[in-house]
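Let me begin by presenting the structure, written as structure tokens, before commenting on it.
The values are calculated or read from the model by the stated rules, or taken from the named source; none is laboratory data. Quick caveat: nothing in here was measured; it's all calculated off a predicted structure. We place every Cβ from the backbone using ideal geometry, glycine too, and count neighbours over all the protein chains shown. Note: areas computed on protein heavy atoms with side chains; ligands, DNA, RNA excluded. Shrake-Rupley method; radii C 1.70, N 1.55, O 1.52, S 1.80 Å.
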Amino acid sequence: MTDVQQIQSIRSQTLAQLDALRADPKPSYWIDGQRVHWQEYADSLQRTIDWCDQRLADYEPFEVRSQGVT
């Protein structure tokens, strides 16, 4: 699996997690002394998606145009 394929896979899985979270939102709560904060989790997923988008953009081909002066 190439780096691009891995990043695409991470992005796809994270989008699915975020979609599921938004489809069935839950309140934040405490369990065994730990706080489960769903908005922070959603924000973390979004940051992962943003990171993937940036890495994938880095792999996109690009063109540099220049003009010589005579």
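Some points to look at:
- Among the residues making up region 18-70, a single one is in contact with a Phe, Trp or Tyr (Cβ under 7 Å, 6 or more places away or on another chain) and of a type in the set (Val, Ile, Thr): Val36.
- Restricted to region 1-34, and to residues there that are small (Gly, Ala, Ser) and surrounded by 11 or more Cβ atoms within 10 Å (Cβ to Cβ), the residue that is farthest from Ala57 (Cα to Cα) is Ser28.
- Within region 35-67, considering residues that are β-branched (Val, Ile, Thr) and surrounded by fewer than 14 Cβ atoms within 10 Å (Cβ to Cβ), the one farthest from Gln5 (Cα to Cα): Val36
- Number of residues in region 15-70 that are outside any loop (DSSP other than H, G, I, E, B), of a type outside the set (Ser, Thr, Tyr) and over 17 Å from the mean Cα position of the chain (by Cα): the value is 6.
- Within region 47-70, no residue that is modelled with pLDDT under 80 sits with its Cβ atom under 8 Å from a residue that is open to solvent by 70 Å² or more (accessible area, probe 1.4 Å) at 6+ positions apart or across chains.
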